[in-house]
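Bear in mind these aren't lab numbers, they're just calculated from the coordinates by the rules spelled out. Predicted, not measured: the structure shown is a model, and the values here were computed from it. Quick reminder, even Gly has a Cβ in these numbers, built from the backbone with ideal geometry, and neighbours come from all protein chains shown.
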């Protein structure tokens, strides 16, 4: 399994990017099957698709190991070849980055990191157009890795 983790601090749009990526894959004609359908009514998603004859997993969960355990069990059960997920470092060492590194080491997964860019501002709404542009670029960057 190859894991691509979109990482960064909280509240910078990682979930938004991963949900948008999920929607883009789901809408693509090369998606031949939806194995685990995403529930867009929840804040975070888990999905598994057959895309271009590859099994792809996506989750926007990623704050800590506890929330990533279930998605990765689903990804293993469905023999996902490529997984996109969120990653986060926390001062307490409970962040998902440590969990993903352990998966890489213990289960011999390939692990790539993509840093989530963002605009730092006290009032996010001021730079919403710029954030949307950054998010769209990031979705396309991840999509190109399929």
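Of 14, 29, how do they rank once you tally other Cβ atoms within 10 Å and put the fewest first?
Values: 14 26, 29 6.
Lowest count first: 29, 14.
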Query - Mean separation of Cα contacts under 8 Å (6+ apart) over length of the stretch 40-146, as relative contact order % - result: 18 percent
Query raised in the report: Using only helices, what value at 222 nm comes out for the chain when you add -39,500 (n - 2.57) per DSSP H run of length 4 or more and divide by the total residues, to the nearest 500 deg cm²/dmol?
Result: -12000 deg cm²/dmol
Requested in this report: Give the order of 68, 82 when sorted by the count of other beta carbons within 10 angstrom, beginning with the fewest.
Outcome: 82, 68
